[in-house]
Amino acid sequence: MAASMSHYGLGWLSGEYRGLRVISHAGGTAGFTALVAFLPDADLGIAVLSNASALPDALAFTLAVHFRLLELLFDQPAGMDAQLSALVEARAAARPRLAYVDPVAVASYLGRYTHPTFGEMTISLRDNRLVLDAGKLASELRRRAVDGPSASAYLLHDPPLSFYSEAYGATVSFTGGIGEPRVTLTIPRNPAGPEQTYVFEPG
Amino acid sequence: MQERILSPIGMKRSTFDPARVRADDDYALPHAADLSGDLRPMALEAEHDVLAPVRPAGGLWSTTREMARFVQTELAGGIAPSGTRVVSAENLAVTGRRGWRFLISTVVRR
C-alpha cells in the first residue's frame with residue numbers, strides 16, 4: 001500500500017504515504033472542495049482549495065492534486081494522472097444522454113405553481129428551453145434521450161439542483177393537461193427512506 | 001473561533017460569514033458540473049444552505065495563503081507564524097492521534 005487514510009482522530013484522518021505519517025482532512029460543498037494535509041515527520045504541509053465540485057467523485061481532483069504533489073516532492077513515479085483520467089472517462093461513460101424538451105409538448109404546463117413546503121415556482125420557456133425557476137434556485141429541464149420526444153419525466157440539468165437528479169434520480173413530471181395541470185417532483189432514490197413525491201398545484 | 005484561532009494565526013480574510021465574503025472584492029464563485037458534464041458557475045448564495053448547519057465544524061471561507069498559515073501552525077506544534085502559541089503541543093498531538101479505524105483503503109494502487 002502506497003498511501004492510506006485509515007484512522008480518524010479528533011477531526012483528522014490519519015494515514016500514511018510511502019511510510020510517512022499523513023494527517024489530513026478533505027471536504028466539500030455544492031461548489032467548492034478543500035483539503036488540508038500535513039506530514040509532520042517531513043515538515044510538510046499542503047492546502048488545496050478549489051471552486052468546483054463534480055459528482056460522483058467530488059474530491060477526486062483535490063485528492064489527486066494532493067497525491068501528485070507528494071509524488072513530485074518525493075520523486076515518485078506519476079500514478080495519479082492516469083487514475084484521475086480513468087475516473088473522468090468512467091464518469092463521462094456513465095452520464096445519461098439527454099435531449100431538449102419539445103416546447104409544444106409542455107405548452108399547457110407553463111405557469112406558476114405552489115407547494116405548501118417548497119413555496120412558489122414557475123415553469124417557463126426561455127429561448128425555447130424548458131426552465132423550472134424556484135427563485136433562489138433554477139434549472140433547465142431536459143429529457144433522457146432514450147425516453148423519446150413524448151417523455152413526461154424530466155431531469156434537473158443545472159447545478160445545484162442537478163445534484164438531486166444525478167445522485168437520487170430526481171425527476172420533474174407533468175400530468176393532468178390543460179384542465180388540471182400538476183407538476184410532480186419525484187425523488188426515487190431518497191437516501192433517507194422511501195421514494196418521495198411532491199405535487200405542485202397551479203397558483 | 002475568531003479570538004482563539006483565526007486572529008492569532010493571522011487568517012484575516014477567513015470567515016464563517018457569507019456576507020463578509022460577498023463584501024470582499026476578490027472571491028471565487030462556486031462551480032459544479034451540470035448533467036452534461038460541463039462545469040457551471042453557481043450563485044454564492046447557493047452555498048449558504050449547505051454550509052450554515054455545519055458551522056463551525058465546517059463552512060469556513062478561506063484562502064489558500066491563509067490555510068497555509070494554518071498548516072504552518074500545525075507543523076510548528078501549535079505556534080502561529082507570528083510566534084503566538086495558539087494551542088499547546090500536547091493538546092495538538094491529541095487531535096492527530098489515531099482514534100478509531102475509519103476505513104481500510106488503498107488510495108493509491110500501484
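Each value in this text was obtained by applying a stated rule to the coordinates, not by laboratory testing. Treat the numbers as computed from the prediction; the structure is a model and nothing was measured. A quick note on method: Cβ atoms are made from the backbone with ideal geometry, for glycine too, and the neighbour counts reach across all protein chains shown.
General remarks:
- Near pairs, Cβ below 7 angstrom, 6+ apart or cross-chain, from the range B:30-43 (more than 10 Å from A:ASP158 (Cβ to Cβ)) to any residue that is among the basic types (Lys, Arg): B:HIS31/B:ARG40; B:GLY37/A:ARG95
- Of all residues in the range A:1-26, those that are in contact with an Asp or Glu (Cβ under 8 Å, 6 or more places away or on another chain), more than 7 Å from chain B (Cβ to nearest Cβ) and not basic (Lys, Arg) total 2.
- Taken as a whole, the structure places A:LEU69 among residues that are over 23 Å from B:ASP34 (Cα atoms), under 27 Å from the mean Cα position of the chain (by Cα) and more than 10 Å from every other protein chain (Cβ to nearest Cβ).
- Where helices (runs of 4 or more DSSP H) fall entirely within the range B:1-104, those with at least 3 residues that are within 8 Å of chain A (Cβ to nearest Cβ), among the hydrophobic types (A, V, I, L, M, F, W, C) and in contact with a strand residue (DSSP E or B) (Cβ under 7 Å, 6 or more places away or on another chain) are at B:64-75.
- Of all residues in the range A:27-36, those that are more than 8 Å from every other protein chain (Cβ to nearest Cβ) and either touching a residue at least 40 places away in the same chain (Cβ under 8 Å) or closer than 18 Å to A:GLN76 by Cα (or both) total 0.
- Condition met for A:ASP75 (more than 8 Å from chain B (Cβ to nearest Cβ) and either among the hydroxyl-bearing types (Ser, Thr, Tyr) or assigned to a loop (DSSP other than H, G, I, E, B) (or both)): yes
- Subset tally (residues that are within 28 Å of the chain's Cα centre (by Cα) and within 18 Å of B:ALA76 (Cβ to Cβ)) for the range A:1-42: 5
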